[in-house]
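Just below is one structure, and these are the notes that go with it.
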Amino acid sequence: MNGKPLAQRVAPRLWRDYYQLTKPKVVALLLLTAWVGMLLAEPTQASLDEMVLGLGGIGLLAAGAAAMNHSLDHGIDARMRRTRWRPVARGRIGPGQAMTFAASLALLGFVLLYWGVNPLTAWLTLASLLGYAVVYTLLLKRATPQNIVIGGLAGAMPPLLGWTSITGQLSAEPWLLVMIIFTWTPPHFWSLAIHRRDDYAGADIPMLPVTHGIGFTKTAILLYLLILTLVCLLPYLIGMSGLIYLVGSLGLNLGFCWHGWLLKYGDRPGQAMRTFRFSIYHLMLLFGLLILDHHWLWRLS
């Protein structure tokens, strides 16, 4: 028998459950793209204080949106193998408790952005939260196979939020970064949806592989990857980045297209998950190239 009091044994597990509600890996990727938006912001140069406050507020609101998704989707999560062990789906945390936690994080993030950064960023970030937690989770996810395409705009917003947190105004350049993530999202998510098709079908979620079939979805992924390759050229074409980004992005997109080609025309078991995993590294490295190009090597040329 464990000699520790019950409270000492339960507390660490409860903290882990609340931590899991925030979807930390997803939030980390969102913060990376927001940080890139901060570093690329012109003509203002980002200070460390501005970046910390901006990332803190954006991160809190993103974590709130994630926790809200856990609460609203707990019934669906309980029916899917991938998500049935989530804290709310398993009943370790109640939906009301998760929603209270989500609202607290969102309120704290909004206040931090509104008074510590600027109102524009606060309202845009709140709109992104509502777009993900309400428009996507409650409406689109259950209504149309284009759910991830339309709802993907909310998840594509962090570079714009990072930009406005430094400049306090909207500009054309960060919208290009939003377009990259917006175009990247369908092949990223549909690859996972192919792998988990039976899960979505069992939960009555109209993901594209469920409504239109796996073959159609593979074709759509490949077409989106071709569009993504073209969209990724835009930062170079408008002078936002240099040759280092151009060469690196072409290499990454060719690799992504190759994975999409194997998914469509190959016969390798597990290719859908390999494509999904590559998509995560693709986005991280792509935005890393933007930073490297813009703030170091491009200036030396």
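The values are calculated or read from the model by the stated rules, or taken from the named source; none is laboratory data. Treat the numbers as computed from the prediction; the structure is a model and nothing was measured. Counting neighbours? That spans all protein chains shown, and the Cβs are built from the backbone with ideal geometry, glycine included. Remember, those area values only see protein heavy atoms, side chains included, never the ligands or the DNA or RNA. Shrake-Rupley method; radii C 1.70, N 1.55, O 1.52, S 1.80 Å.
Checking Ile205 against (1) open to solvent by less than 10 Å² (accessible area, probe 1.4 Å); (2) closer than 21 Å to Ala220 by Cα; (3) assigned to a helix (DSSP H, G or I): exactly one of these is not met. Which one?
(3)
Please count how many residues of the stretch 161-181 are open to solvent by less than 20 Å² (accessible area, probe 1.4 Å) and either of a type in the set (Lys, Arg) or farther than 23 Å from Ser47 by Cα (or both).
The qualifying residues number 2.
Any idea how many residues of the stretch 132-160 are free of Cβ contacts under 8 Å to residues at least 24 places away in the same chain and either under 20 Å from Ala41 (Cβ atoms) or of a type in the set (Gly, Ala, Ser) (or both)?
Total satisfying the criteria: 1.
Does Ala193 count as within 29 Å of Lys218 (Cβ to Cβ), of a type in the set (Gly, Ala, Ser), more than 16 Å from the chain's Cα centre (by Cα) and part of a helix (DSSP H, G or I)?
no
When you scan the stretch 227-243, how many residues do you find that are open to solvent by 30 Å² or more (accessible area, probe 1.4 Å) and in contact with a His (Cβ under 9 Å, 6 or more places away or on another chain)?
Selection size over the stretch 227-243: 0.
Kindly provide the set of residues from the stretch 125-147 that are among the polar types (S, T, N, Q) and open to solvent by 60 Å² or more (accessible area, probe 1.4 Å), ordered by number.
Matches in the stretch 125-147: Gln146 only.
Out of the residues in the stretch 79-106 that are over 22 Å from Gly151 (Cβ atoms) and in contact (Cβ under 8 Å) with a residue 40 or more places away in the chain, which is farthest from the chain's Cα centre (by Cα)?
Arg92
Would you point out the residue of the stretch 33-68, among those that are β-branched (Val, Ile, Thr) and closer than 17 Å to Pro119 by Cα, that is most open to solvent (accessible area, probe 1.4 Å)?
Among those that are β-branched (Val, Ile, Thr) and closer than 17 Å to Pro119 by Cα, it is Val52.
In the stretch 108-124, what count of residues is obtained for those that are under 10 Å from Leu60 (Cα atoms) and open to solvent by 60 Å² or more (accessible area, probe 1.4 Å)?
The number of residues fulfilling the criteria is 1.
This table checks each residue for (1) within 24 Å of His282 (Cβ to Cβ); (2) open to solvent by less than 10 Å² (accessible area, probe 1.4 Å); (3) among the β-branched types (Val, Ile, Thr); (4) in contact (Cβ under 8 Å) with a residue 60 or more places away in the chain.
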{"position": "Trp190", "(1), (2), (3), (4)": "yes, yes, no, no"}
{"position": "Arg197", "(1), (2), (3), (4)": "yes, no, no, no"}
{"position": "Ile214", "(1), (2), (3), (4)": "yes, no, yes, no"}
{"position": "Leu223", "(1), (2), (3), (4)": "yes, no, no, no"}
